[in-house]
8 protein chains.
Amino acid sequence: MELRVYLAGQIHDAWRDELKQKAEKKDLKVKFVHPQENHSRSDNVGEDILGEQPNKEIKDDKASAINNFRTKLLMERSDAVIAYFGENYKQWNTAMDAGIAIQAGKPTILIRDESLIHPLKELSNQATVTVENIDQAIEVLNYVYE
Amino acid sequence: MELRVYLAGQIHDAWRDELKQKAEKKDLKVKFVHPQENHSRSDNVGEDILGEQPNKEIKDDKASAINNFRTKLLMERSDAVIAYFGENYKQWNTAMDAGIAIQAGKPTILIRDESLIHPLKELSNQATVTVENIDQAIEVLNYVYE
Amino acid sequence: MELRVYLAGQIHDAWRDELKQKAEKKDLKVKFVHPQENHSRSDNVGEDILGEQPNKEIKDDKASAINNFRTKLLMERSDAVIAYFGENYKQWNTAMDAGIAIQAGKPTILIRDESLIHPLKELSNQATVTVENIDQAIEVLNYVYE
Amino acid sequence: MELRVYLAGQIHDAWRDELKQKAEKKDLKVKFVHPQENHSRSDNVGEDILGEQPNKEIKDDKASAINNFRTKLLMERSDAVIAYFGENYKQWNTAMDAGIAIQAGKPTILIRDESLIHPLKELSNQATVTVENIDQAIEVLNYVYE
Amino acid sequence: MELRVYLAGQIHDAWRDELKQKAEKKDLKVKFVHPQENHSRSDNVGEDILGEQPNKEIKDDKASAINNFRTKLLMERSDAVIAYFGENYKQWNTAMDAGIAIQAGKPTILIRDESLIHPLKELSNQATVTVENIDQAIEVLNYVYE
Amino acid sequence: MELRVYLAGQIHDAWRDELKQKAEKKDLKVKFVHPQENHSRSDNVGEDILGEQPNKEIKDDKASAINNFRTKLLMERSDAVIAYFGENYKQWNTAMDAGIAIQAGKPTILIRDESLIHPLKELSNQATVTVENIDQAIEVLNYVYE
Amino acid sequence: MELRVYLAGQIHDAWRDELKQKAEKKDLKVKFVHPQENHSRSDNVGEDILGEQPNKEIKDDKASAINNFRTKLLMERSDAVIAYFGENYKQWNTAMDAGIAIQAGKPTILIRDESLIHPLKELSNQATVTVENIDQAIEVLNYVYE
Amino acid sequence: MELRVYLAGQIHDAWRDELKQKAEKKDLKVKFVHPQENHSRSDNVGEDILGEQPNKEIKDDKASAINNFRTKLLMERSDAVIAYFGENYKQWNTAMDAGIAIQAGKPTILIRDESLIHPLKELSNQATVTVENIDQAIEVLNYVYE
């Protein structure tokens, strides 16, 4: 049985690559989908496709619409969601995506460092599983196949 | 027609009081519900009710379960949700609550300052309305009664 | 048993007043809710509340967000929807509201003149009942109480 | 990952052919489904299958039932919906289909010319993305695969 | 706690009156709602409201649309459904209404005589409770208040 | 695109064979699923699997449970439902299955002879399409592929 | 705001009385609903209403249908569910009711003694809150009103 | 048509192996999925993946989260659920899983010995089919393919 998992989280560093490589090493039959990871493409996609916008707010709104189209479609097609939080950035759309996944009944894994226990406590309590690093998330996915 | 509106957001300052007073001045027939606003009570409610816990993570998890019980019940009983973001704090459960409200089909108002446009762009794009301050949110609620 | 009925349709003429008066004459225990009927208020509400916008498209988008907030909230609270089409105007949001009501499982009455049979045929076929004028719609509502 | 996209909109001109050709050029792994595009077949299918009807209204209603069967089935099987509006025709079933797609939680792209901003403002605000032409819609679909 | 119960079933005899009287005798806090019980009104309501129709099939279809509007609205507002089958008539809309109620998750009581066990066996198996007469149905409703 | 269609209806004659052969002739890419067509097997399956039962009612109930298991599972996996009514038999589970399909949002074709217009009028009005014979139902399915 | 809470659990002792009294002392605006607490009435209600049954299994099945009717109706009308487990009895319908409540999205409080941690660990993890005694459950309900 | 069936129940003995072998003998096109069957792995998986926990309750909770992740994901992907109860163990998560499956609308087979009729009567009444042993469950699955 092949699974598809959506990887919610910031797109400033390469955490998804690490996760995918580790999943591959374990031969997990999991396809990963995710938001656009090229940060400037993600920020500019509104203007890239729709042309120049009158101000930054509208530029952001147009980009978001297209990013949300991608996320909505891919999350709907996924069997589970992994939401990853790091030390930096506001990561509010990660938290929103996790809320959407939880309400949609998708099994959800939260990855967050020990240092983030307190600010993520309500989200952690609603996620299906909370782990502290990528290796543990891979092991949870692997457990489905044991 | 009386409405009930859930006020999601951090509980470090008195933004809900300001909002409620302004709604009262306008004679809006809106009942507001919200999370526990006494911050230390909210943080300690797990141990307050269930006794001492083995460590901080578990203490936080127990408190969150009880906070989530309250939020889940009150949000389900609400006709709309207002999510307020300020400059400070991580506010991840505000973003999660907004995601839950959006996925549940609740009409949602996002209040966020101009300075937060970029990090909240995906959430703003999915919220039903985005405004920049409490007065504007009150005017949106008032518009339902015009 | 009191019912609440949402009146979808254009806001250029006073069809809702006519409908409400006729309902009152029949002593129907029905509360009617509807979009903002002051046309310029409806068009300008985005700028009225959020301030001047950079161009007409954004002005329209801001107004729509607030109009959609009102519609979403009131339709959710309604037991049935009446969608009224006239000879003039594009009335695309009436058709969209009817689609939303149909998909949400709300009993829906379509009012449309004989002259509009062809362009509204798919919508008519999905509505619960199609009538040709306001009097007939009132009689359908009244029938629920017979 | 192959996607299936429903193309809602009028069937008087060949906009779907243009869209499909452009998608093929980009090698998008997207299957497009849509209403019957042969206009007279679409109008007459009720009588074609069920025999002569007593009047035009009934002829239209029978055709619509069969068109709605097709649309309902194909939209349910689709991952996303594109709704295209042009300058001509009433296009009320396009708006209804868009409303159904939005309420069903399908990611929805609205294609409409700048000249239609005002009459489509509420629909545009509820669609996931709004673009002005077919090329932009293709780019949005392509973005899902980047 | 007041309950509302929808009484599905044929409208040729006065079984609902008997049921209501027996409920009143027991002082049950139950409001009963139901289809139009005046049979000729129910059959003619399409022409009564919409005028003469081209043939019997269309006359029937118009009446059904209005009857279905009433049933859809009242069933949605009900906490439970009672479906009553007798020896006579085809009673297919009773069976359809029961199917709709079951799929909608409404608690459903089937009343059917012993003689109808075999033809109603699949429906009986899906209903929440099956009883053989009106007195027993009343006792089931009364049990909720014990 | 392959479709799966559930064929609800009585199992006393070979109408499904006729339908399947006609679909095959048209090369329709449709897989048909349906209840057990061996009538005595369908009636006796409860005792066949679970052993002798204390009376006819219980024997019927046990058989129904297993028939309902089959129907529930196959209908859930189907893209559309065809409900066929003939002159004979009570056919109440056909009507119940149609009600379940309608409430579950499955596109539904009703096949019924002209003679059954009146007793099936409410069901016909809620079905997506009504036709009078198997050939017409095949043409409706074929229309999806045109 | 008045709440209604369903009290799932065994009916061999008076834990609900204790809970209700403690809620009353705290002046909680909560209405409690629950299964039939008279144990022999609950076991015999099938035969009480429907007459003697052919064997114990059928007697049990008839009683269960009526008990499930009551539970289904009252749980649907409740804002939250409390599931109480004690040391004795199999309590499988308590666990089933908790599963139903969780899947239906009802906020759920699990009350179980420390001694039952291990066998209830999966249920505890899915409940919204787990507490060890009635006083703590009351405090959780009270917290909603703070 | 291939089916996927989730096997809920205790993991202390090899009932699933027996069931799978018997399904294979019958050449059923059914894939079975289930919880982790290695009992100590299931109990320890929280600590195996997340490291030592402060006490037994937390150890159990962490293991449950991961077990629930697996169950939630696999049950969602299944067409039907079999819930097996034996004489030993509390089996509360089996009952909870059955409740979740019932509320989610999954066709559900309950396997329980005659000796368990009384304590499982409410669950049996809500399951789609109840059988007394594995052979009968296989025959029910086989019946879908007849």
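Coordinate-derived values only; no laboratory data. Note that the structure is a prediction, hence the values are computed from the model and not measured. With ideal geometry, Cβ positions are generated from the backbone for all residues, glycine too; neighbour counts draw on all protein chains shown.
Structural remarks
- Counting charges near E:Ala137 (Lys, Arg +1; Asp, Glu -1) among other residues having Cβ under 12 Å from its Cβ returns a value of +1.
- Choice from C:Ile102, C:Ile49, C:Ile11 showing the highest fluctuation, given a GNM over chain C with Cα pairs closer than 10 Å: C:Ile49
- Counts of other chain beta carbons within 10 angstrom of each beta carbon in peptide D:100-113 average 4.
- Choice from B:Ala98, B:Ala63, B:Ala80 showing the highest fluctuation, given a GNM over chain B with Cα pairs closer than 10 Å: B:Ala63
- For the stretch D:8-20, Karplus couplings with θ = phi - 60° (6.51, -1.76, 1.60), whole Hz, Gly/Pro x: 7, x, 5, 10, 8, 10, 9, 4, 5, 4, 4, 4, 5
- Overall form of the stretch G:2-146 per C-alpha gyration tensor (a/c, 1.5; a/b vs b/c): prolate
- Per-residue mean of C-beta atoms belonging to partner chains within 10 Å, peptide B:48-58: 5
- At R0 = 60 Å, FRET efficiency that the Cβ-Cβ distance of H:Asp135 and E:Tyr145 yields, to 0.05: 0.85
- Within the protein assembly as shown, helix-based [θ] at 222 nm, where runs of 4 or more DSSP H residues each add -39,500 (n - 2.57), nearest 500: -16000 deg cm²/dmol
- Set of aspartates and glutamates with alpha-carbon distance to H:Lys72 below 12 Å, sequence-local pairs under 8 removed: A:Asp79, G:Glu122, H:Asp97
- Average partner coverage of B:140-146, which counts Cβ from other chains inside 10 Å: 5
- Cα gyration tensor shape of the protein assembly as shown, rounded if a/c is under 1.5, else prolate or oblate by comparing a/b with b/c: rounded
- Placing unit charges on the Cβ atoms only, positive for Lys and Arg and negative for Asp and Glu, gives the protein assembly as shown a dipole magnitude near 0 debye about its Cα centre.
- Tilt relative to chain B, helix B:92-103 - C-alpha long axis, 0 to 90 degrees, to 10: 60 degrees
- Dipole magnitude for chain D: computed about the Cα centre from +1 point charges on Lys and Arg Cβ and -1 point charges on Asp and Glu Cβ, it is near 380 debye.
- Among residues of chain F, the one whose Cβ lies closest to the rotation axis carrying chain F onto chain B, together with that distance rounded to whole Å, is F:Gly105, 8.
- GNM top mover of E:Pro35, E:Pro107, E:Pro119 - chain E, alpha-carbon springs below 10 Å: E:Pro119
- Cα gyration tensor, the stretch F:73-146 - rounded (a/c under 1.5), prolate or oblate: oblate
- The angle between the Cα long axis of helix F:134-145 and the longest principal axis of the Cα atoms of chain F comes to about 60 degrees, rounded to the nearest 10.
- What the Cβ-Cβ distance of H:Gln21 and F:Glu87 gives, at R0 = 41 Å and to the nearest 0.05, is a FRET efficiency of 0.30.
- In chain C, the longest principal axis of the Cα atoms and the axis of helix C:39-50 are about 40 degrees apart.
- Qualifying GluC sites (Glu not before Pro) in the stretch H:18-58, where qualification requires a DSSP coil assignment and no more than 15 other C-beta atoms within 10 Å, comprise H:Glu52.
- Förster radius 30 Å - calculated FRET efficiency between F:Glu76 and F:Asn44, Cβ distance, rounded to 0.05: 0.75
- Each residue of the stretch D:115-127 was assigned a 3J(HN,Hα) from its phi angle through the Karplus curve 6.51 cos²θ - 1.76 cosθ + 1.60 (θ = phi - 60°); the sequence is 5, 9, 3, 5, x, 9, 5, 5, 5, 4, 5, 8, 5 Hz, with glycine and proline shown as x.
- Close amide H partners of B:Ile111, meaning residues 5 or more places away or on another chain with modelled amide H under 5 Å apart, are B:Ala83, B:Tyr84, B:Phe85, B:Val131.
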